[in-house]
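Report on the following structure.
Values quoted throughout were computed directly from the atomic coordinates according to the rules given, and no laboratory measurement underlies them. Values in this document were obtained by computation on a predicted structure and should not be read as measured data. Note that each Cβ is placed from the backbone with ideal geometry, even for glycine, and that neighbours are counted across all protein chains shown.
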Amino acid sequence: MPQFAIIAVSILFDGLAYAMFLFITSVGLSVTMGLMGFVNLAHGAFAMAGGYIVVSLTRSYGIDFVPSLLIAGVTVGLISIRFERRLYRQLYKATDLEQVLLTIGLAFMAIAMFTYFYGPIPKSVPLPDWLEGDVNLGFRSFPTYRAFLIAIGAVLISVLWYGFEKTNIGAKIRAAVDNRRMAESVGINVDLLFTLTFALGSALAAVGGGLAIQLFGLTPSFAVLYLVLFLIVVAVGGLGSLKGTLLAALVIGIIDTGGKYAFPVAGNLFIYAITAVVLLIKPTGFFGRE
Amino acid sequence: MAEARARAADYLVRRHYFRLSEALPWLLMIAAFFLFPNRMTFGSQVLIMVLFALSLDLILGYAGIVTLGHAAFFGVGAYTVALASMLLDWSEPISGIIAGGLLAGLVGAAVGWFILRYRGLTLLMLTIAFAAMLQESGNLRSDITGGYDGLPGLMFDPVLGTFQYDLYGHTNYWYVFGVLAVIFYFVRRIIYSPFGQALTGIRENVRRMHAIGSPVHRRLVAVYAISAAIAGVAGGLFTQTNAYVTLTVFDFDNSAKVLVMLILGGTGRLYGPFLGAAVYMVLEDYFSKLSPTFWQLGIGLLLVLTVLFARRGLLGLAEDARGLFKRGDSAPSAPRRMVWKPEHWNSLGMSALDGAVIGFIAGFAINMKQVEFMTTFVTSAPARALIFTLGGAAVAAGINAVYLLVTSRTSVEEQTS
């Protein structure tokens, strides 16, 4: 196989793994923003909390990586319900600015608390044997962990797609995103629906945070470091759109990986440039509603 | 009716007059010089942030443009001054900040023309993306900009050709003070001009402004450019007073910080930036020396509390407090007393639940950190967990009860009607 094709496949593979992480973490943010128009900048903090729960469970309690991910998702999902009921609910009618300030305040507090308890040094997580090493695809070998990430992403995408498009509750969510007042007037309990999707989104973010440890290492600043990236995926994809979020995650994941490979000095310039171009041409994102 | 109209006309005529109370912040700034002559390096940084927050107030508080990328213009001004001094040997300070302001204003006009057609999240993301792009491009040419290591050791001529820089920052303080005063006068004129009124109209109801034929986009771009220019001047002053600059001026943190200052003081009011920036900077100076982690927790808490309880900022709080004591103007308020409603029990129960969750987590954390006091005080771990959970519940319910008693007082007429 020619050198060029091998490089292209590598970029595609790494980009795909990166895109899966972006998708898993951002999808909840997209749906909650689409549903309530709530700008939740503490989303990254939920992801970080999930990551640290995974670290604690695997390191201090000796639980395996995969079950730890599940426990972290469930715990963060449940705790996020209290946040939604207690704090966020008061601000649905408030301006974007107030929502931004409240949630960034929460994110700062989370960073400070996790720094206090876990320290600022990056944490890693022990992986089970079957996730270590490489898989050989004949012409080139790839890290097993990234293949695993892609597989999990694919499974989650199918499950979410099924839930969103084929089930009753998915239909209700789509109805509420399209027209909240109409949905309420035909008897859909949008408040309850929102709490559920919020919890699910936070749980997915926590799983994403756990999955990210192996890719980037985990520090408390994770909560805001990747937040801009999640917001970009949401804004570029279009609020409340599953396929938009997926497309945006893929575009940004692959182009960023390729860009960093070709021009390492440019850093995140490509991501921001794509964001600006997409939003200037299509302000509501790929699949957003006007 | 006629009387009301006369009063309204009188208000419109008089509202832009200087009030005596407006002298207070300026007198305080002068007093600060004589009270803390050794802290004037810090003092000039505070005044620079006041200027930066003032520029944000113009677009956020008056025109309602939410941005998280205002550091972009601060950075453009800062780098204009730095590069002019380094590459062109242009070290005259006042013409330097004018150049920085003009360039930042031009950039602001160009960017604003593109992005100000959008609102909400799209606009927010575009402002972030623009500031980040500038930062990344600066890093691409780190041979010129110095990258994140910065450009140290910049030299500037004496202010007005006579006042040399001194070790204590006294010249800097008066220099920044003078620039702030001039720009403040300018901003005040804008706010009370018809143009300023149109901006407030856009903030309050943009559709209506379109409907009455106001050129909304043009006005937004204009105020965005003015605001960018002021931010650029603040950035230029930052470079001159510090004699160095790094790419961190473009940081998201810098944009967020100035926003927090403005919110803390109160948006949409001329003196909000003064109070907010001063309080923020002093708190930061004090607490971040104690522990940066603690300061981050504090600022998070400050934000949450501001949004929940003081949405109009500290100045808004002060107004509310004054309103409580002021009876004369308005109709005499009806007697108020607390009425206990069934939903208050519900609220108490919920806060107890929250307190229990927080207490449990706190107990878990204290276990993890092995805080000596608690581990010697109560030796068994389950008992500690129980104490923390119940204690958290009790404290939260208690705070909520006090809050309910204070806030849910309704007037007697309201109950009967």
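Let me make sure I get this right: for the stretch B:108-221, a, b and c are the square roots of the gyration tensor eigenvalues over alpha carbons, sorted descending. Under 1.5 in a/c it's rounded, otherwise prolate if a/b > b/c, else oblate. Which is it?
oblate
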Placing +1 on each Lys and Arg Cβ and -1 on each Asp and Glu Cβ in the stretch B:21-320, then taking the dipole about the Cα centre, the residue among B:A104, B:G196, B:L83 whose Cα reaches farthest towards the positive end is B:G196
What does the structure give for B:113-122 when I average, per residue, the other chain Cβ atoms found within 10 Å of the residue Cβ?
5
Multiplying the sequence separation of B:N38 and B:A2 by 0.36 nm and subtracting their Cα-Cα distance, what value in nm do you get?
7.2 nm
Between the stretch A:203-246 and the stretch B:181-201, the alpha-carbon center distance in angstrom
41
Given charges of +1 on the Cβ of Lys and Arg and -1 on the Cβ of Asp and Glu, with all other atoms neutral, how large is the dipole of chain A about its Cα centre, in debye to the nearest 20?
460
Alpha-carbon Rg/Rh ratio, for the stretch B:21-320, with Rh computed the Kirkwood way
0.96
Relative contact order of chain B, pairs being alpha-carbon contacts under 8 Å that are 6 or more residues apart, as %
23
Starting from the Cα gyration tensor of the stretch A:89-241, take the square roots of the eigenvalues, sort them a ≥ b ≥ c, and report rounded, prolate or oblate (rounded when a/c is under 1.5, otherwise prolate if a/b is larger than b/c, else oblate).
oblate
Return a whole-number percent for the relative contact order of chain A, with Cα pairs under 8 Å and 6 or more residues apart as the contact set.
38
Charge dipole of the protein assembly as shown about the Cα centre (unit charges at C-beta), most positive-ward option of B:I230, B:S44, B:F163
B:I230
Crossing angle, helix B:120-140 versus chain B [Cα axis fit, 0-90 degrees, rounded to tens]
50
Taking the Cα centre as origin and putting +1 on Lys and Arg beta-carbons and -1 on Asp and Glu beta-carbons, what dipole magnitude results for the stretch A:56-210, to the nearest 20 debye?
340
Top mean-square fluctuation among A:T257, A:T144, A:T197, Gaussian network model of chain A, C-alpha springs under 10 Å?
A:T144
Hey, what angle do you get for helix A:227-237 against the long axis of chain A, alpha-carbon based, 0 to 90 degrees rounded to 10?
70
At what distance in nm do the modelled label points of A:E132 and A:S60 sit from each other, each positioned 7 Å from its Cα along Cα→Cβ?
2.5
Label-point gap, in nm, between A:D178 and B:L301 - each point 7 angstrom along Cα→Cβ:
4.7
I'd like the distance between the alpha-carbon centres of the stretch A:84-162 and the stretch A:32-73, rounded to an integer number of Å.
6
Looking at the square roots a ≥ b ≥ c of the eigenvalues of the Cα gyration tensor of the stretch A:107-177, which shape do they give, rounded for a/c under 1.5, prolate if a/b is larger than b/c, or oblate?
oblate
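222 nm [θ] for chain B, helices only, -39500 (n - 2.57) per DSSP H run of 4+, per residue, to 500? Let's see the in-between values first.
On the way: 19 runs with 304 residues, N = 417.
Helix contribution divided over all residues of chain B: -24000 deg cm²/dmol.
Using a 10 Å cut-off around each Cβ of peptide A:220-233, what is the average number of partner chain Cβ atoms that fall inside?
Across the residues of A:220-233, the mean count of other-chain Cβ atoms within 10 Å is 2.
If packing is taken as the average number of other Cβ atoms within 10 Å across a peptide's residues, how do B:295-308, A:20-33, A:58-71 rank, most packed first?
Details: B:295-308: 20.0, A:20-33: 27.7, A:58-71: 15.5.
With the highest mean Cβ count within 10 Å placed first, the list reads A:20-33, B:295-308, A:58-71.
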For chain A, the charge dipole (Cβ of Lys, Arg +1; Cβ of Asp, Glu -1; about the Cα centre) points to a positive end, and the Cα of A:P128, A:L200, A:I188 closest to that extreme belongs to A:I188
Considering chain B as a Gaussian network with a 10 Å cut-off on Cα pairs, which listed residue, B:V81, B:V402, B:V159, attains the greatest mean-square fluctuation?
B:V402
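Please return the longest stretch of chain B lacking exposed loop sites, where trypsin sites (Lys or Arg not before Pro) count only if DSSP places them in a loop and at most 13 other Cβ atoms lie within 10 Å. Write out the running numbers ahead of the final one.
On the way: sites that count: B:R15, B:R19, B:R141, B:K326, B:R327.
Between exposed loop sites, the widest span is B:142-325.
Given +1 on the Cβ of Lys and Arg, -1 on the Cβ of Asp and Glu, and no further charges, what dipole in debye does the stretch B:21-320 carry about its Cα centre, rounded to the nearest 20?
Numbers: 16 positive and 16 negative charges, 243 e Å.
Approximately 1160 debye in magnitude.
When you look at the Cβ of every residue in B:305-312, what mean number of other chain Cβ atoms sits within 10 Å? Display every interim value, and only then the final one.
Details: counts 2, 4, 13, 6, 0, 0, 6, 0.
Mean shielding count: 4.
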Nearest-ten-degree value, helix A:65-86 long axis tilted from longest Cα axis of chain A
20
Quick calc: nm separation of the 7 Å Cα→Cβ label points for A:R86 and A:T144 -> 4.2
Surpassing 23 Å at the alpha-carbon level, of the pairs A:K93/A:K243; A:K172/A:K243; A:K93/A:K172, are A:K93/A:K243
What net charge is computed for the residues neighbouring B:I226, neighbours being all others with C-beta under 15 Å from the C-beta of B:I226, Lys and Arg scored +1, Asp and Glu -1?
+3
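For the stretch A:121-185, which chymotrypsin sites (Phe, Trp or Tyr not before Pro) are both in a DSSP coil and crowded by at most 13 other Cβ atoms within 10 Å? Kindly include the intermediate steps, with their values, before the conclusion.
Numbers: sites: A:W130, A:F139, A:Y145, A:F148, A:W161, A:Y162, A:F164; in loops: A:F139.
Here the chymotrypsin sites (Phe, Trp or Tyr not before Pro) that fit, given the DSSP loop and packing criteria, are A:F139.
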